[in-house]
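Take a look at the structure set out below.
The values are calculated or read from the model by the stated rules, or taken from the named source; none is laboratory data. The model shown is predicted, which means the values in this text are computed figures rather than measured ones. Every residue, glycine among them, receives a Cβ derived from its backbone with ideal geometry; neighbour counts consider all protein chains shown. Surface accessibility is based on the protein's heavy atoms, side chains included, excluding ligands, DNA and RNA. Shrake-Rupley method; radii C 1.70, N 1.55, O 1.52, S 1.80 Å.
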Amino acid sequence: MATLLGLESPCTGGKRRNCSSNIVTKLTAGKVTGQGFSRGTQLPGGLLQERDKRAKWHGIPTLLQKLHESSHPNSDLSHAHSFLKVLSSQLSMEAMSFVTEDRKTAQESTFPNTYTFDLFGGVNLLVEILMRPTLTIQKKKTKMNDDLVKDCLSVLYNCCICTEGVTKSLAARDDFVLFLFTLMTNKKTFLQTATLIEDILGVKKEMIQLDGIPNLSSLVQSFDQQQLANFCRILSVTISEPDVGNDDKHTLLAKNAQQKRNASPSRAEVNQVTLLNIPGFIERLCKLATRKVSEATGANFLQELEDWYTWLDNALVLDALMQIATEETEQSSTESSDESSLATSPLRYRLPQSMKIVHEIMYKVEVLYVLCVLLMGRQRNQVHKMLAEFRLIPGLNNLFDKLIWRKYTPSNHVVHGQNENCDCSPEISFKIQFLRLLQSFSDHHENKYLLLNSQELNELSAISMKANIPEVEALVNTDRSLVCDGKKGLLTRLLTVMKREPPDSSFRFWQARAVESFLRGATSYADQMFLLKRGLLEHILFCIIDSGCTSRDVLQSYFDLLGELMKFNIDAFKRFNKYVNTSEKFQTFLTQINSSLVDSNMLVRCIVLSLDRFESQTEDVKVVEVLSECCLLSYMARVENRLSFLFRLINIINVQTLTQENVSCLNTSLVILMLARRKAKLPFYLNALREKEYAEKYPGCLLNNFHNLLRFWQRHYLNKDKDSTCLENSSCIPFSYWKETVSVLLGLDRTSLCAIASYIDEPFMDLDRDLLED
């Protein structure tokens, strides 16, 4: 055997110090090449014992040999379990230091025991032991001891978090990944299995297909509510598209090309359908999301929660601790409370009284995330119908004051940007996930009126009646038995806490997005007035002008919300003028708009569209009065200001940099030109752009860029029904007119005064270059 190692005889003299490193080198090479030695059990026991002390292996290779010898098929695994327990105690200390300290990068020098365990084949050996019952040819399958299974899983997880590469190697074994799901049927091993699966799926190159899991429907239906909540942590990896959090940053050019290559549904989409086909799945998630928990007591609750979160990494760890407490309570056969049983638990720390609250919050974060992803998927209408039927929104409304948004001192709030990659506390994660769910639920869907209670729905009807306009069809069709209970609906509660939030709080971003989604779609005067009567416009203007808010994300969300709130609403513009009652305030407002048109262009679009409509309603005395008095409308009425916005909107984007976030700049520039075309002023605007080019000494630059942008617009929107519907609803301009205007602007006839090509001199013409190819 020594010869095979490349050693002719036991190490002597000068070679002795290199012996250990030679063994490590051979084992490492064997793992990479698949040739030679791949595990310590193939090496002579005497050699390993001789080198153990010098190499500081702490007897791990020898223990692995004993574990291997005692775990053969049909052998009594009790001896193997005793060896595994010794190994587990050595490895668990390193895992605990990883969790409780600053999460160093996994490497040999930091966690030598787990590194040695993996190097000598410990990981592969445990996988073999776990899967052995599935490989036997005997009719009667041997059932492994639950405690042995738990210890195998725990050791594997410790190796995953402490040794680089272990998780990826396990993730590459599809047979093992699918096998792990079968272990979830056993409640005693569920937590350890779920923890390991979550870690493995997080690094797996290809997303797992849920329909490949044996008996998935039966498995999920067998879970109790606690197991189902933890299973949602696993599901979140299987139903989310890669990089969904940075979706706005991917160029539309690249995304369109990817969609062409991948015409069939993605794995995430297929997995979503698989889940929806499981009987009772959505109903149980709704019950989990809305179930009540006991109220936390004591002034130090939030600080206690934050302190514990630094150690309790996730709900699975909390479950493990809760399980210890339960087992000890059962053993003592007492009727003591959870808190007293935990106090006597042999844990490193005593668990705080608020642990159950943290526990429930972290459950709900996972459940709300899964529901939110399903709401944004292709089966959105099916999901919407079920969420309404199972009263998700009324249930969340009942939890709002007691759990979701309890009162607390603003100074305790740690501010996190919405795209920041950080470990948010459970409290912050819960609030953000709740707001994201509301945004997805309300966005362009008639079920948005479920966010109100019956009295508030009656108020909307009264507003429509007073204005002598018909009620919105979605409002008329709302099932009153499914709306919110109590004195306030969920939308009204959200407005209340929104006004109390600190100026730069990241919650403001998500709050504004949630309220804006309620207004999006076809403009509803009654919806706008409902919010205007509750002081929303004044609150937004305070945040933009007077609060000192500097967060671009928060300001963008408030600009977008303000645009939806004021669009076509003469009362809103009158209120605006009453609040912005000095030239200093108005200049501050304009400065905020002009500081980033990518952020504010939706508001600019709203003002332009509203001005155009008001100018056609001059028979209305109130409209005429506001037109003459409102500083904002007067400012936009000046053609030089509209041209200035148009020039900058076109200049800050090009085809290569278009994203879902900034494509609105292109659509806003189109709105300005469509309205000009209606009034036969399109040639005037195009000529003004040409003159601006020459004044800037870049002839052809702006118009060539705009021509390419419009060519992209045609490819992007003419095949996307949803996007075209959104454009039509938000502007009240038929999509046919959008298409027609773009075609006119892209006309090839250089004698046409409405074609861009007519305004680019021949030497500067650059329209033949195809920048749109994949």
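Only residues that are within 15 Å of the chain's Cα centre (by Cα) and closer than 11 Å to A289 by Cβ: list them for segment 353-395, please.
Passing the criteria: K364, V365, E366, V367, L368, Y369, V370, L371, C372.
Taking the stated definitions as given, is L703 open to solvent by less than 80 Å² (accessible area, probe 1.4 Å), modelled with pLDDT of 90 or more and not polar (S, T, N, Q)?
yes
Condition (residue is among the polar types (S, T, N, Q), open to solvent by 70 Å² or more (accessible area, probe 1.4 Å) and assigned to a helix (DSSP H, G or I)) applied to segment 623-640: is it met by at least one residue?
Within segment 623-640 (the criterion being among the polar types (S, T, N, Q), open to solvent by 70 Å² or more (accessible area, probe 1.4 Å) and assigned to a helix (DSSP H, G or I)), the answer is yes, since at least one residue qualifies.
Does Y737 satisfy the condition of being open to solvent by 10 Å² or more (accessible area, probe 1.4 Å) and either outside any helix (DSSP H, G or I) or under 26 Å from F614 (Cβ atoms) (or both)?
Criteria met by Y737.
Mind listing whichever residues of segment 193-209 are open to solvent by less than 40 Å² (accessible area, probe 1.4 Å) and assigned to a helix (DSSP H, G or I)?
Result: T193, A194, T195, L196, I197, I200, L201.
Any residue in segment 149-168 that is within 30 Å of P265 (Cβ to Cβ) and either open to solvent by less than 10 Å² (accessible area, probe 1.4 Å) or within 28 Å of the chain's Cα centre (by Cα) (or both)?
Yes, segment 149-168 contains a residue that is within 30 Å of P265 (Cβ to Cβ) and either open to solvent by less than 10 Å² (accessible area, probe 1.4 Å) or within 28 Å of the chain's Cα centre (by Cα) (or both).
What are the residues in segment 61-87 that are open to solvent by 70 Å² or more (accessible area, probe 1.4 Å) and more than 46 Å from the chain's Cα centre (by Cα), if any?
K66, E69, N74, D76, H79
Conditions tested, residue by residue: (1) part of a helix (DSSP H, G or I); (2) closer than 25 Å to R613 by Cα; (3) among the hydroxyl-bearing types (S, T, Y).
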position: L673; (1), (2), (3): yes, yes, no
position: P683; (1), (2), (3): yes, yes, no
position: R690; (1), (2), (3): yes, no, no
position: N708; (1), (2), (3): yes, no, no
position: W713; (1), (2), (3): yes, no, no
position: T725; (1), (2), (3): yes, yes, yes
position: I733; (1), (2), (3): no, yes, no
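Any residue in segment 647-659 that is surrounded by fewer than 14 Cβ atoms within 10 Å (Cβ to Cβ), assigned to a loop (DSSP other than H, G, I, E, B) and either touching a strand residue (DSSP E or B) at 6+ places or on another chain (Cβ under 7 Å) or without any contact (Cβ under 8 Å) to a residue 60 or more places away in the chain (or both)?
Looking for residues that are surrounded by fewer than 14 Cβ atoms within 10 Å (Cβ to Cβ), assigned to a loop (DSSP other than H, G, I, E, B) and either touching a strand residue (DSSP E or B) at 6+ places or on another chain (Cβ under 7 Å) or without any contact (Cβ under 8 Å) to a residue 60 or more places away in the chain (or both), one finds none in segment 647-659, hence no.
Quick one: is P470 in a loop (DSSP other than H, G, I, E, B), open to solvent by 10 Å² or more (accessible area, probe 1.4 Å) and touching a Cys at 6+ places or on another chain (Cβ under 6 Å)?
When the stated conditions are applied, P470 does not pass them.
Can you pull out every residue in segment 196-227 that is in contact with a Lys or Arg (Cβ under 6 Å, 6 or more places away or on another chain) and aliphatic (A, V, I, L, M)?
Hits for segment 196-227 are V203, M207.
Would you be able to say whether some residue in segment 574-585 is open to solvent by less than 30 Å² (accessible area, probe 1.4 Å) and not hydrophobic (A, V, I, L, M, F, W, C)?
Within segment 574-585 (the criterion being open to solvent by less than 30 Å² (accessible area, probe 1.4 Å) and not hydrophobic (A, V, I, L, M, F, W, C)), the answer is no, since none of the residues qualifies.
Could you pull out every one of the helices (runs of 4 or more DSSP H) wholly within segment 532-612 that has 1 or more residues that are under 33 Å from the mean Cα position of the chain (by Cα) and free of Cβ contacts under 8 Å to residues at least 24 places away in the same chain?
Fully inside segment 532-612 and qualifying: 583-595.
Condition first: of a type outside the set (A, V, I, L, M, F, W, C), closer than 13 Å to P683 by Cα and open to solvent by 40 Å² or more (accessible area, probe 1.4 Å). Now tell me which residues in segment 742-762 satisfy that.
R750, T751, listed by residue number.
Conditions (1) open to solvent by less than 40 Å² (accessible area, probe 1.4 Å); (2) touching a Ser or Thr at 6+ places or on another chain (Cβ under 7 Å); (3) modelled with pLDDT of 95 or more; (4) not in a helix (DSSP H, G or I), marked per residue:
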position: D211; (1), (2), (3), (4): no, yes, no, no
position: P214; (1), (2), (3), (4): no, yes, no, yes
position: A229; (1), (2), (3), (4): yes, no, no, no
position: D247; (1), (2), (3), (4): no, no, no, no
position: I278; (1), (2), (3), (4): yes, yes, yes, yes
position: L312; (1), (2), (3), (4): yes, no, no, yes
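Provide a single number: the residues in segment 613-622 that are open to solvent by 50 Å² or more (accessible area, probe 1.4 Å), more than 26 Å from L710 (Cβ to Cβ) and under 43 Å from the mean Cα position of the chain (by Cα).
1
Mind checking which pairs have a first residue in segment 621-643 that is more than 11 Å from K574 (Cβ to Cβ) and a second that is surrounded by 13 or more Cβ atoms within 10 Å (Cβ to Cβ) and among the polar types (S, T, N, Q), Cβ under 7 Å, 6 or more apart or different chains?
C631/N577; Y635/N641
State whether the residues of segment 502-522 include one that is surrounded by fewer than 19 Cβ atoms within 10 Å (Cβ to Cβ) and closer than 20 Å to D401 by Cβ.
Yes.
Count, please, the residues in segment 544-568 that happen to be crowded, with 21+ Cβ neighbours inside 10 Å and of a type outside the set (A, V, I, L, M).
Of the residues in that region, 8 qualify.
With respect to L633, determine if the residue is closer than 22 Å to S730 by Cα and touching a Leu at 6+ places or on another chain (Cβ under 6 Å).
Yes: the conditions hold for L633.
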